[in-house]
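Structure first, then comments.
The values are calculated or read from the model by the stated rules, or taken from the named source; none is laboratory data. As the structure is a computational prediction, the values presented were derived from the model and not from experiment. Ideal geometry is used to build each Cβ from the backbone, glycine not excepted, and the neighbour counts take in all protein chains shown. Surface accessibility is based on the protein's heavy atoms, side chains included, excluding ligands, DNA and RNA. Shrake-Rupley method; radii C 1.70, N 1.55, O 1.52, S 1.80 Å.
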Amino acid sequence: VSHAWMPSSHSCSHGMLLRWISTAIVLQCCAGKRVASTVVIGNSSQWKYISKFGFDFGSGTYGLRFKRSQPDFKTGMNTALTVEVHLDERWEDAMSVAPCERRHKAKRELGFELPMNGSWSPFVQGNVHQFVRPHVWYWALHDCGGALPQPTKLDYELYALQSADGEFSVELIGTLTASGIKLLLGTAFLLWFWNACRHVRKSKGCLHPVIKVLAAAALAQYAAYACSWLHLWKYQSNGYGVRALDMLSEGCSMLSQILFTSLSLLLAQGYTILPNQKVSMDFFVCMMAGIVLVHILIVSVAKLEHDDMAKL
């Protein structure tokens, strides 16, 4: 490791499909990570985990910078802090010792000066070169010298880029292409489903409520696919995507799952073969309330722990 500062014809449709797939693959190959967050360090809290990133084969780059959330104009001198860079092979060993002993397990330590006036520190930058296998690299901040006598809130920014200026961590490589394939398959399914519904409505005069619920669930899932693809497409260029699209994708996906689950519960109670009065709506409402709460809990926990240091 070295450190330094849709046409109607089938032929046209097939051509468009091939162009979409090839474009997604090219974007994926050209596709780091960018993080902007806060950390509290100082006094009794002398070691803080920052983030991690999986670098693929070849050479990658990264950089971090920090600033005080609240400027301290009374102190004229800058504060000396240290960034630890850990390799995944020794990360568990580092976590098994006392916080201020972890620096001895780090692959490299990078010191920097934190301005006390609230301005950004210079970027602490580095390169990684790996040719045996991909590795996950971890960054942590320590103040084991006691430069900050009181707990201090710091803002930080981190970027990490693959060898081809890619924004995806190694475990995420291929997700944009996979998401694009799901979107194309979802488009094909919706076209087929719409055509089938049109024929049923033409022959029967109306659509059964079960089909309407299925249509709503399918549209919600398709919207989730579309938002996810747009988020990942933006992520591969800026390292953080579009937060609103990511949240909308999660919401639409959860809505689709709830609709499918509710429909399954109704069908299990004989909704389509028994009189309505024999279907227990009280049981259904209670079950759906529990399912909604579980879905919200699972999504919330997953989002809160998306960059946890123990999560691979």
| query | Yes or no: ALA215 at pLDDT 90 or above, assigned to a helix (DSSP H, G or I) and surrounded by 14 or more Cβ atoms within 10 Å (Cβ to Cβ)? | reply | yes
| task | Specify which of the listed residues (PHE168, PHE193) is under 27 Å from GLY58 (Cα atoms) and either modelled with pLDDT of 85 or more or touching a Lys or Arg at 6+ places or on another chain (Cβ under 9 Å) (or both). | result | PHE168
| field | Checking TYR156 against (1) modelled with pLDDT of 90 or more; (2) over 30 Å from SER228 (Cβ atoms); (3) out of contact with any helix residue (DSSP H, G or I) (no Cβ under 9 Å at 6 or more places or on another chain), the condition it does not meet | value | (2)
| note | Those residues of segment 65-113 which are closer than 14 Å to HIS142 by Cα, hydrophobic (A, V, I, L, M, F, W, C) and in a strand (DSSP E or B) amount to PHE66, ALA80, LEU81, VAL83, VAL85, LEU110, PHE112
| field | Selection status of MET116, open to solvent by less than 20 Å² (accessible area, probe 1.4 Å) and either part of a loop (DSSP other than H, G, I, E, B) or more than 18 Å from VAL40 (Cα to Cα) (or both) | value | yes
| message | Quick check on segment 31-39. Is at least one of its residues within 22 Å of the chain's Cα centre (by Cα), at pLDDT below 50 and open to solvent by 30 Å² or more (accessible area, probe 1.4 Å)? | response | no
| said: Test of understanding: among THR187, THR177, which residue is open to solvent by 20 Å² or more (accessible area, probe 1.4 Å), in contact with a helix residue (DSSP H, G or I) (Cβ under 6 Å, 6 or more places away or on another chain), under 25 Å from TYR235 (Cβ atoms) and outside any strand (DSSP E or B)? | reply: THR177
| message | Testing ARG133 on (1) closer than 21 Å to LEU161 by Cα; (2) charged (D, E, K, R); (3) open to solvent by less than 60 Å² (accessible area, probe 1.4 Å), one condition comes back false. Which one is that? | response | (3)
| query | Among the residues of segment 81-98 satisfying the criterion of being open to solvent by 60 Å² or more (accessible area, probe 1.4 Å) and of a type outside the set (Asp, Glu), which is nearest to the chain's Cα centre (by Cα)? | reply | ARG90
| request: Scan segment 142-152 and give yes if some residue there is of a type in the set (S, T, N, Q), more than 19 Å from LYS33 (Cβ to Cβ), open to solvent by less than 30 Å² (accessible area, probe 1.4 Å) and in contact with a Leu (Cβ under 7 Å, 6 or more places away or on another chain), otherwise no. | output: no
